[in-house]
1. How many percent of Cα pairs in region 162-204 exceed 16 Å?
2. For the chain, what is the per residue volume of the convex hull drawn over the alpha-carbon atoms, in cubic angstrom?
3. To the nearest 10 degrees, how steeply does helix 266-277 sit against the main Cα axis of the chain, on a 0 to 90 scale?
4. What does the helix-only formula give at 222 nm for the chain: each DSSP H stretch with n ≥ 4 adding -39500 (n - 2.57), the total divided by the residues, and the result rounded to the nearest 500 deg cm²/dmol?
5. What percent does the relative contact order of the chain come to when contacts are Cα pairs within less than 8 Å and at least six residues apart?
6. With just the Cα atoms defining each centre, how far is region 55-106 from region 127-201? Give it in Å.
7. HIS266 to HIS169: extension gain in nm, 0.36 nm per residue of separation minus the Cα-Cα distance?
8. Per-residue HN-Hα couplings for region 49-64, Karplus 6.51 cos²θ - 1.76 cosθ + 1.60 at θ = phi - 60°, whole Hz, x for Gly and Pro?
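Computed from the coordinates by the stated procedures, all read-outs in this text should not be read as laboratory data. Note that the coordinates shown come from a computational prediction; the quantities given were computed from them, not determined experimentally. Note that each Cβ is placed from the backbone with ideal geometry, even for glycine, and that neighbours are counted across all protein chains shown.
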Amino acid sequence: MVEKSINVSRAMPKQLTLAPRLVKITPRSGISIRRTLPHRNIRTIGAWCFVDHYGPTDQVHAMSVAAHPHSGLQTVTWLFSGEIEHRDSLGSIQLIKAGELNLMTSGFGIAHSELSIDQNIELHGVQLWVALPDGDRNIAPSFAHHADLPVFDFDQITIRLMIGAFLGHQSSAQTFSPLVGAELFFREKSDLYFPLESDFEYGLLIDTGSVEINGFKVEEGSLHYISNGSSKVRLSATKSSRVILLGGEPFEEEIVMWWNFIGRSHEEIVEMRAAWENHSNRFAPVVDRLEKRIPAPVMPNVRLTSRSNRTR
Ligand code: MN
């Protein structure tokens, strides 16, 4: 019997470069944030759902974000330079420095504040959010600081692994869906193939340097999206380039994101907002030097709806 040949036309992975938009996080915090996620075409990359990139700035009090709530997500704080003090409603007080990870799992609800510590070191870093899957999003809140993350080399790249596993290394940070997050620093000018998990989709945020991804020049501050189905990516970068790599299995749940909350419906967001505004015990008080809390914005006149990636 002649085996029928099947013409498997494997679709090429989709790629898209997302340019940042400038936002101010709060009126009290002067620095501009470059936000690349969520984007109108790409809402999530794996469970990564929010990418803010800021600095370097030598501004005094660059980061001064008073107490505010979170529900349904993890916040990931990662610095290239500078120092930030984190305080939260669990009583955590944690100074974070470059190369360390602050991972706050809001679960049902937590409140925190962030204050940059001015030490004549420029503040420069990223703030990322990870959506929690439905089965975990109402767990008790927790906070973890990781100062002992894996650091290893791949070719001319030094990799700092924040979250997930890569090349036999494993971060101790707790995850709730298949996910990776890493800082890539190019010690030398490079042109190489970098391994990817083909089940994962990826975003590569260019912090510093002249970088080409699969032949596309990606500007500093932009996030280059690659859909799942790739087992490698070609990276060409000048010496001292720095890239944040985010990846994960496509997050199929329909989420509703508004302000600092991730829910599944308009009604849930209304509830979360009311809990913060009414000082309910869903969000315990934060004791800090700022002694302020950020009021929730007014909700829009339309019902909030979930959005999914348009490329899928
Ligand atoms: Mn926050």
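1. 45
2. Given the Cα convex hull of the chain, per-residue volume reads 155 Å³.
3. 40
4. Details: 1 runs with 12 residues, N = 312.
When only DSSP H runs of four or more count, the value is -1000 deg cm²/dmol.
5. 20
6. So the separation of the two Cα centres works out to 18 Å.
7. Numbers: separation 97, 0.36 × 97 = 34.92 nm, distance 3.99 nm.
Gain in length upon complete extension: 30.9 nm.
8. 10, 7, 9, 10, 9, 9, x, x, 9, 9, 4, 6, 6, 4, 10, 9
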